[in-house]
Amino acid sequence: MRALVFYAKNDVRLEEIPEPEIGPGEAKIRVTYTSICATDIEEWQFGPTYITSTPTVMGHEVSGRVVEIPDNISGLSVGDRVMVDNVLICGACFWCLSDSQATCPNMEVAGLGRDGGLAEFMTWPADHLIKLPDAVKDDEAPLLEPATVAVHAVRRSGVRVGESVAVLGVGTVGALTLQAFKAAGAIVYAVDVRESSLQMAARLGADEVVDATRGDAGERLRELTGGIGPDIVVETAGATRTPLDAFDWVRRAGTVVLVGIYAAKPEADFNVVVGKELRVIGSVAAGTGDMAAAVRLVAEGKIRLGDLVSAHISLERVIPDGFERMTAESKDVFRILVSPDA
Ligand SMILES: [Zn+2]
Ligand SMILES: [Zn+2]
């Protein structure tokens, strides 16, 4: 089969490799679509960072159809449409047993150590394949993975109905985070510097969009919140300045949730955290149940994925039409879907 294999930084190859064979408890899927994530591009440009063994088939946002499943596994049948719940935890460590599965040190993730979905076929533990309801379309299903990251961040934030939330950065994860906060009953302000992102935020139901290139965005957020600042600020941009903006713009005794992955390290004045008695929360990947919740929210129309699909490409074109397009200065896309059949 054809597969996109990571060997090292700047060394990702489209190769012909043997089809994977199922191990105990596993099913084999024919990949329908896999979406390209900023993490894939960071691995290609700077990795291996999260990739734990090489060579490895890339792709961690994957949906497919079951083509092979052992008789002794119930709940799934050949032909079922499924989403890959891509995080495997050990289930036995301190963190797994204390409901903090996203920090399991023995975690394995599809496409980052175990072979992923930028390929024709993939094998995966059957109990980590989630059957898709009809309401979730094939060509949007892989975005359930970043939607799961968004659901996890909302759950980590501890938001309560009626609270105000500013989402900094409306890329794919930001756009999904704003929808998940809306679903949780928050009033959501979206802040970005790109016109296309602000338009997307408005279309997806942000209560207000704030263009950070025009005037003082922190001042605007205070205006919107009766002069005190949002209860929660979520940073999804991963830029150098934005975590510091989050500390500055959140209200006193508010909550900052950091979701972005930071390439550069800012010089932070932590006195602002101390002086304002901020609660600063990191949120990474997902825990048990987060993907099932994301599937329900999408199926009920509370999170929309389709608007965030910007292009469809073939496996052969991942590097020129996927990775390179997403790293261009004039990045004009949210998610790009890859099909092995295109
Ligand atoms: Zn991702
Ligand atoms: Zn564990």
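The values are calculated or read from the model by the stated rules, or taken from the named source; none is laboratory data. All values reported here derive from a predicted model rather than from experimental measurement. Every residue, glycine among them, receives a Cβ derived from its backbone with ideal geometry; neighbour counts consider all protein chains shown.
Okay, here's what the table says:
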{"item": "Pairs, first in contact (Cβ under 8 Å) with a residue 12 or more places away in the chain in segment 135-156, second part of a helix (DSSP H, G or I) and within 16 Å of ligand 2 (Cβ to nearest atom), C-beta under 6 Å, six or more apart", "result": "148/290; 151/290; 152/290"}
{"item": "Residues (touching a strand residue (DSSP E or B) at 6+ places or on another chain (Cβ under 8 Å) and within 16 Å of ligand 1 (Cβ to nearest atom)) located in segment 146-174", "result": "146, 153, 169, 172, 174"}
{"item": "Test: residue in segment 8-19 that is in contact (Cβ under 8 Å) with a residue 24 or more places away in the chain, within 21 Å of residue 81 (Cβ to Cβ), basic (Lys, Arg) and away from ligand 2 (no atom under 16 Å from the Cβ)", "result": "no"}
{"item": "Residue within segment 116-126 that is surrounded by fewer than 20 Cβ atoms within 10 Å (Cβ to Cβ) and within 16 Å of ligand 2 (Cβ to nearest atom) present", "result": "yes"}
{"item": "Number of the exception - residue 167 against (1) in a strand (DSSP E or B); (2) under 23 Å from residue 81 (Cβ atoms)", "result": "(2)"}
{"item": "Output for segment 38-73, where each listed residue is within 10 Å of ligand 1 (Cβ to nearest atom), surrounded by 24 or more Cβ atoms within 10 Å (Cβ to Cβ) and part of a loop (DSSP other than H, G, I, E, B)", "result": "59, 60"}
{"item": "Residue in segment 76-95 that is within 16 Å of ligand 2 (Cβ to nearest atom), part of a strand (DSSP E or B) and surrounded by 15 or more Cβ atoms within 10 Å (Cβ to Cβ) present", "result": "yes"}
{"item": "Residue list for segment 258-277, filter: under 15 Å from residue 229 (Cα atoms) and in contact with a strand residue (DSSP E or B) (Cβ under 7 Å, 6 or more places away or on another chain)", "result": "273"}
{"item": "First in segment 326-342 and farther than 17 Å from residue 305 by Cα, second anywhere and among the basic types (Lys, Arg) and not in a loop (DSSP other than H, G, I, E, B), Cβ under 7 Å, 6 or more apart", "result": "340/2"}
{"item": "Matching entry among 22, 29 (being in the same structural domain as residue 316 (by TED's automatic domain parsing) and either outside any strand (DSSP E or B) or of a type in the set (Asp, Glu) (or both))", "result": "22"}
{"item": "Qualifying residue in segment 135-151 (condition: within 16 Å of ligand 2 (Cβ to nearest atom) and of a type outside the set (Ser, Thr, Tyr))", "result": "no"}
{"item": "Extreme residue, modelled with the highest pLDDT, among residues of segment 252-271 that are surrounded by 14 or more Cβ atoms within 10 Å (Cβ to Cβ) and either hydroxyl-bearing (Ser, Thr, Tyr) or over 17 Å from residue 168 (Cα atoms) (or both)", "result": "255"}
{"item": "Residue under evaluation residue 132, criteria (1) assigned by TED's automatic domain parsing to the domain that holds residue 103; (2) crowded, with 24+ Cβ neighbours inside 10 Å, criterion not met", "result": "(2)"}
{"item": "Segment 30-62 - residue that is under 15 Å from residue 315 (Cβ atoms) and among the small types (Gly, Ala, Ser) and, of those, nearest to ligand 2 (Cβ to nearest atom)", "result": "59"}
{"item": "Search result, residues across segment 272-284 that are over 19 Å from residue 169 (Cα atoms) and in a loop (DSSP other than H, G, I, E, B)", "result": "276, 277, 278"}
{"item": "Hits in segment 80-115 - residues which are within 15 Å of ligand 1 (Cβ to nearest atom), hydrophobic (A, V, I, L, M, F, W, C) and under 19 Å from residue 35 (Cα atoms)", "result": "83, 84, 87, 109, 110, 112"}
{"item": "Considering residues of segment 98-113 that are among the aliphatic types (A, V, I, L, M) and more than 8 Å from ligand 2 (Cβ to nearest atom) only, the residue farthest from residue 127 (Cα to Cα)", "result": "112"}
{"item": "Residue 143, sole failed condition from (1) part of a strand (DSSP E or B); (2) within 15 Å of ligand 1 (Cβ to nearest atom)", "result": "(1)"}
{"item": "Residue match in segment 181-200 (condition: crowded, with 24+ Cβ neighbours inside 10 Å, closer than 27 Å to residue 76 by Cβ and either away from ligand 2 (no atom under 16 Å from the Cβ) or not assigned by TED's automatic domain parsing to the domain that holds residue 216 (or both))", "result": "no"}
